[in-house]
Amino acid sequence: MTREELEAALEATDELEGETLRDLSLSGAEWRKKRFEGCRFERCTLDRATLRGGVFTECELEGCDLTMLAAYDVAFRDVRFTRCKLMGVDWSLAYALGFEVAFEGCQLRYASFAGMSLRGLLMRDCVADEAVFTGADLRDACLRGSRFAGATFQETTLIGADLRDAEEVVIDPRSNTLGGTKLSLDAALRAAAFLGVEVPELEG
């Protein structure tokens, strides 16, 4: 099916339930008030797409490219992203209507989660370089195995968060809220250094 035929088919309905969509190329698409319930997206391309006012409920996206997705007032409820490209997505544009997601093995470079409530978030084995978590609530989140090179943690709540075996984590305890936070040894040593504690292991 060509892109034009596919877009026409999607325009014909505002709701899909229990469908599996595979290998669709929808780069730059614009969807308004689309509702997807129990749908599965496999290897679909939605880079630079614009979504407005839609709802994704109990959906799975695997191997999809959503780079630079713009999702305005879109609700994500029990949605799982697996091995997806999600670079440069500003999730804070969407989450006010519901944001219950899990990320596994995803590319989240330059993503923004600023000011979001992300309690219990699963972000496992992801690459989140230069991602922004300023003002986010990551209480009890599982961020294990992910990489955070250059990521911004500022006024972030990390109580109970699990960052064991996460890589390149730099968290200043003076400007973030910690408590029961599980850090790798390297991240813990860096946090101690911010408090003026001399840590020989970091010298040289």
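The values are calculated or read from the model by the stated rules, or taken from the named source; none is laboratory data. Since this is a predicted model, take the numbers as computed values, not measurements. Here the Cβ is made from the backbone with ideal geometry for all residues, glycine too, and neighbour counts use every protein chain on show.
Could you please find all residues in the stretch 43-78 being closer than 23 Å to T134 by Cβ, modelled with pLDDT of 95 or more and β-branched (V, I, T)?
Hit for the stretch 43-78 is T67, nothing else.
Can you say whether S92 is at pLDDT below 90 and either closer than 30 Å to T156 by Cβ or surrounded by 15 or more Cβ atoms within 10 Å (Cβ to Cβ) (or both), as far as the supplied structure shows?
no
Could you check how many residues of the stretch 35-62 are under 19 Å from V89 (Cα atoms), of a type in the set (D, E, K, R) and part of a loop (DSSP other than H, G, I, E, B)?
Counting residues in the stretch 35-62 that are under 19 Å from V89 (Cα atoms), of a type in the set (D, E, K, R) and part of a loop (DSSP other than H, G, I, E, B) gives 3.
Take the residues in the stretch 63-94 that are outside any loop (DSSP other than H, G, I, E, B), of a type outside the set (D, E) and more than 16 Å from K34 (Cα to Cα); name whichever of them is farthest from the chain's Cα centre (by Cα).
Going through the qualifying residues, I end up with L93.
Quick check, is T67 touching a Lys or Arg at 6+ places or on another chain (Cβ under 9 Å) and either surrounded by fewer than 18 Cβ atoms within 10 Å (Cβ to Cβ) or touching a residue at least 12 places away in the same chain (Cβ under 8 Å) (or both)?
Yes; evaluated as a whole, the condition is true for this residue.
Of the conditions (1) over 22 Å from A166 (Cβ atoms); (2) surrounded by 17 or more Cβ atoms within 10 Å (Cβ to Cβ); (3) aromatic (F, W, Y), F113 fails just one. Which one is it?
Result: F113 fails condition (1) only.
Identify the residue in the stretch 1-22 that is assigned to a loop (DSSP other than H, G, I, E, B) and either within 22 Å of the chain's Cα centre (by Cα) or polar (S, T, N, Q) (or both) and, among all such residues, is modelled with the lowest pLDDT.
Within the stretch 1-22, the match that is modelled with the lowest pLDDT is T2.
Sort out which residues of the stretch 119-140 are closer than 22 Å to S175 by Cα, surrounded by fewer than 24 Cβ atoms within 10 Å (Cβ to Cβ) and under 10 Å from the mean Cα position of the chain (by Cα), and write them in order of number.
Within the stretch 119-140, L121 is the sole residue that qualifies.
Could you pull out the residue among G63, G88, G115 that is over 19 Å from E168 (Cα atoms), assigned by TED's automatic domain parsing to the domain that holds E167 and of a type outside the set (F, W, Y)?
Only one candidate qualifies: G115.
Is it the case that A71 is touching a helix residue (DSSP H, G or I) at 6+ places or on another chain (Cβ under 8 Å) and aliphatic (A, V, I, L, M)?
When the stated conditions are applied, A71 passes them.
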